[in-house]
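The values are calculated or read from the model by the stated rules, or taken from the named source; none is laboratory data. Computed from a prediction, not measured in an experiment: that's the story for all the values here. Here the Cβ positions follow ideal geometry from the backbone for every residue, glycine too, while neighbour counts run over all protein chains shown. Areas reflect the complete protein model, heavy atoms only, side chains present, ligands, DNA and RNA absent. Shrake-Rupley method; radii C 1.70, N 1.55, O 1.52, S 1.80 Å.
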There are 2 protein chains.
Amino acid sequence: MVKSLDDTTENKILGAARKVFWEKGMAGARMQDIADQAGINKALLHYYYRSKEKLFEVIFREASSLFFMKIAGIIESDIPLFAKIESFCGEYIAMLSQNPYLPLFVLNEANKQPYRFKQRFWKNRENLFERFARDIMMEIENKKIRPLKPAHLFMNMVSMCVFPFIAKPIWMMSSGMKEDEFIHFLEERKKIVPEFIICSIKK
Amino acid sequence: MVKSLDDTTENKILGAARKVFWEKGMAGARMQDIADQAGINKALLHYYYRSKEKLFEVIFREASSLFFMKIAGIIESDIPLFAKIESFCGEYIAMLSQNPYLPLFVLNEANKQPYRFKQRFWKNRENLFERFARDIMMEIENKKIRPLKPAHLFMNMVSMCVFPFIAKPIWMMSSGMKEDEFIHFLEERKKIVPEFIICSIKK
DNA sequence: ATACAGTTTAACCAAATGGTCAACAAAGAT
DNA sequence: ATCTTTGTTGACCATTTGGTTAAACTGTAT
């Protein structure tokens with residue numbers, strides 16, 4: 001029986017670490033849980049990653065990169081504002097549907113260790129929002145949309161895309177939605193959210 | 001020197017527990033930290049609250065009640081839809097500005113312990129959203145607003161009010177805002193968000 | 001076969017952590 | 001003054017937890 005590429009010890013560890021860290025966060029995760037989840041010994045875990053910190057850093061860097069890369073890619077593309085908004089909402093909600101734990105994980109750790117986050121994970125991301133702001137200012141000058149501070153529009157857009165994933169458990173309790181209804185709800189939002197935004201800003 | 005009412009051991013403990021739990025969450029909080037913060041012995045902490053669980057439950061119940069009560073109060077009031085939206089956004093953002101840790105704390109713990117949350121903290125909150133949905137359907141029938149599923153409108157509104165508090169650290173890094181600029185930003189949102197919503201749905 | 005490198009394990013360790021206990025102090029009640 | 005209840009403390013305990021070590025196993029080149 002040949003070891004497939006996905007089945008190396010290294011990959012089993014990363015998969016297990018991802019699951020445990022995403023679900024429980026740095027403080028709540030236990031090295032023993034990760035080892036169990038990977039089906040290996042705890043000592044072997046330390047053989048591959050010397051400490052919990054090191055392993056966490058790998059998982060967190062991977063996660064925050066996933067969380068921001070998509071945003072950056074779409075926002076820096078050269079398409080008209082409305083198309084950009086549609087593309088952003090659609091693709092970002094799609095990506096988060098694939099990784100529903102991502103927002104809470106990244107935002108929670110960024111809140112709990114802001115200094116560390118800034119030091120290690122905030123390189124070359126400075127001007128992400130600047131580009132979007134310029135697009136908006138341009139369309140305001142062209143009288144295509146009503147005057148509105150770019151920061152608010154951007155915050156509104158990201159809020160409506162990301163928040164449902166964070167509020168999911170409470171939302172499902174209060175709305176009584178079932179799992180598949182929630183999936184459908186998210187699917188709808190790919191269209192509903194950009195429509196909602198454009199309806200609001202279009203002149 | 002008479003002990004003022006706010007300075008009882010009980011209150012010092014609650015204040016300390018609030019601070020530590022809100023900042024670090026259940027998993028990250030240490031009983032020793034809470035005792036230190038309260039300026040008392042760890043044994044005394046256990047004298048008042050037998051276990052970390054018990055103490056956490058008090059703080060969490062208090063927090064989740066704060067988080068939902070305001071919503072309920074406004075949404076169940078008998079005012080017109082647009083006024084209700086304005087009132088909700090303004091008052092909810094104001095309340096969260098006073099308690100900026102609240103959203104992440106409540107949503108994070110609800111995510112990490114969904115079953116426990118449902119069991120212990122979800123009593124008599126079922127029909128909170130139903131009321132708002134009826135208001136919206138009514139206005140759609142009256143042709144006052146464009147057709148839109150109430151669930152999406154509600155989710156959008158809550159998202160735009162709550163999300164900025166969760167994203168604060170990342171937002172401040174990426175936008176370069178300073179603390180007082182952020183406070184001003186939130187202040188603006190009390191008007192901007194309801195305006196944004198009403199612009200979008202008004203016929 | 002054997003030597004050798006990388007991999008895996010059981011057993012172990014020290015620090016951290018939630019929790020307890022017996023003694024002691026404070027404050028009323030008698 | 002003395003008794004009793006309540007509040008407070010330092011020392012202590014058991015378990016959990018991140019991390020280490022030495023031995024054993026595996027595959028491979030000689």
Looking at A:ASN127, A:ASN108, can you tell me which residue is crowded, with 20+ Cβ neighbours inside 10 Å and within 14 Å of another protein chain (Cβ to nearest Cβ)? A:ASN108
Would region A:102-115 turn up any residue that is assigned to a helix (DSSP H, G or I), without any contact (Cβ under 8 Å) to a residue 12 or more places away in the chain and aromatic (Phe, Trp, Tyr)? yes
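Residue under question is A:ILE13, and the condition is that it be within 12 Å of DNA strand D (Cβ to nearest atom), open to solvent by less than 70 Å² (accessible area, probe 1.4 Å), of a type in the set (A, V, I, L, M) and more than 14 Å from every other protein chain (Cβ to nearest Cβ); does it hold?
For A:ILE13, the condition - within 12 Å of DNA strand D (Cβ to nearest atom), open to solvent by less than 70 Å² (accessible area, probe 1.4 Å), of a type in the set (A, V, I, L, M) and more than 14 Å from every other protein chain (Cβ to nearest Cβ) - is not met.
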In region B:159-187, which residues are more than 7 Å from chain A (Cβ to nearest Cβ) and either more than 30 Å from A:PHE105 (Cβ to Cβ) or open to solvent by 20 Å² or more (accessible area, probe 1.4 Å) (or both)? B:LYS168, B:MET172, B:GLY176, B:MET177, B:LYS178, B:GLU179, B:ASP180, B:GLU181, B:ILE183, B:HIS184, B:GLU187
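Per-residue answers, yes or no, for (1) at pLDDT below 95; (2) outside the structural domain of A:PHE121 (by TED's automatic domain parsing):
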position: A:LYS3; (1), (2): yes, yes
position: A:PHE67; (1), (2): yes, no
position: A:LYS70; (1), (2): yes, no
position: A:GLY73; (1), (2): yes, no
position: A:ALA83; (1), (2): no, no
position: A:TYR92; (1), (2): no, no
position: A:PHE105; (1), (2): no, no
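Criterion first (open to solvent by less than 20 Å² (accessible area, probe 1.4 Å) and closer than 30 Å to A:GLU23 by Cβ) does A:PRO103 satisfy it? If you could, list the steps in order and put the result at the bottom.
On the way: open to solvent by less than 20 Å² (accessible area, probe 1.4 Å): yes; closer than 30 Å to A:GLU23 by Cβ: yes.
Against the criterion (open to solvent by less than 20 Å² (accessible area, probe 1.4 Å) and closer than 30 Å to A:GLU23 by Cβ), A:PRO103 qualifies.
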The one condition B:ILE79 fails out of (1) without any contact (Cβ under 8 Å) to a residue 24 or more places away in the chain; (2) farther than 30 Å from B:MET160 by Cα; (3) open to solvent by less than 80 Å² (accessible area, probe 1.4 Å) is (2)
Residues that are more than 16 Å from DNA strand C (Cβ to nearest atom) and open to solvent by less than 40 Å² (accessible area, probe 1.4 Å): does region A:49-56 have at least one? no
Within the set of pairs 6 or more residues apart or between chains, which connect a residue that is free of Cβ contacts under 8 Å to residues at least 60 places away in the same chain inside region A:37-57 to a residue that is outside any helix (DSSP H, G or I) with Cβ atoms less than 8 Å apart? A:LYS52/A:ALA29; A:LEU55/A:TYR49; A:PHE56/A:ALA29
